[in-house]
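Shown next, in structure tokens, is the structure this report addresses.
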Amino acid sequence: MAKSDFKRKTRSDKFPLTLHPTGQYCKKIRGKLYYFGSDKKTALKRYLEQAAYLHSGKPPRSKYAHSGLTIKTLCNYYLDHQESRAEIGEIKLRHLHDQISLLRYFAKFAGPVQILIRI
């Protein structure tokens, strides 16, 4: 009987994700474990959306990247409020300048585009 070039598919060839003991589907990419959710279909959908970014080493893109309140906008809202308080004399101008420098440092540390709330 002639040998066949047919290679038998294993489970990992059929479905790219692994079920983690926590109940979520995950995949180890470049030495890091990424979780995609507990529902099999939605986990596969999320994996396929982000696979190209993850395998290339880039951070995964979020579909909510610019649809929410970011740290930068929140800091700006807060500073606008504090500026109006300084104009009417509730707080001193020096206090406002201290807050500006502290919030700049905080935004650099946390990342100004970090999503806080999805609107």
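The values are calculated or read from the model by the stated rules, or taken from the named source; none is laboratory data. All figures in this text were calculated on a predicted structure; none of them were measured in a lab. Positions of Cβ are generated from backbone atoms using ideal geometry, with glycine treated the same way; all protein chains shown enter the neighbour counts.
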Among the residues in the range 13-29, are any modelled with pLDDT under 85, assigned to a loop (DSSP other than H, G, I, E, B), polar (S, T, N, Q) and exposed (fewer than 12 other Cβ atoms within 10 Å of the Cβ)?
no
Selection status of Gly37, at positive phi, outside any helix (DSSP H, G or I), more than 17 Å from the chain's Cα centre (by Cα) and without any contact (Cβ under 8 Å) to a residue 24 or more places away in the chain:
no
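To keep it simple, each residue is scored yes or no on (1) at pLDDT 90 or above; (2) aromatic (Phe, Trp, Tyr); (3) over 20 Å from Gln24 (Cβ atoms).
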position	(1), (2), (3)
Ala52	no, no, yes
Pro59	no, no, no
His81	yes, no, yes
Ser84	yes, no, yes
Glu87	yes, no, yes
Glu90	yes, no, yes
Verdict on Lys32 being within 30 Å of Lys14 (Cα to Cα), of a type outside the set (A, V, I, L, M) and modelled with pLDDT of 85 or more:
yes
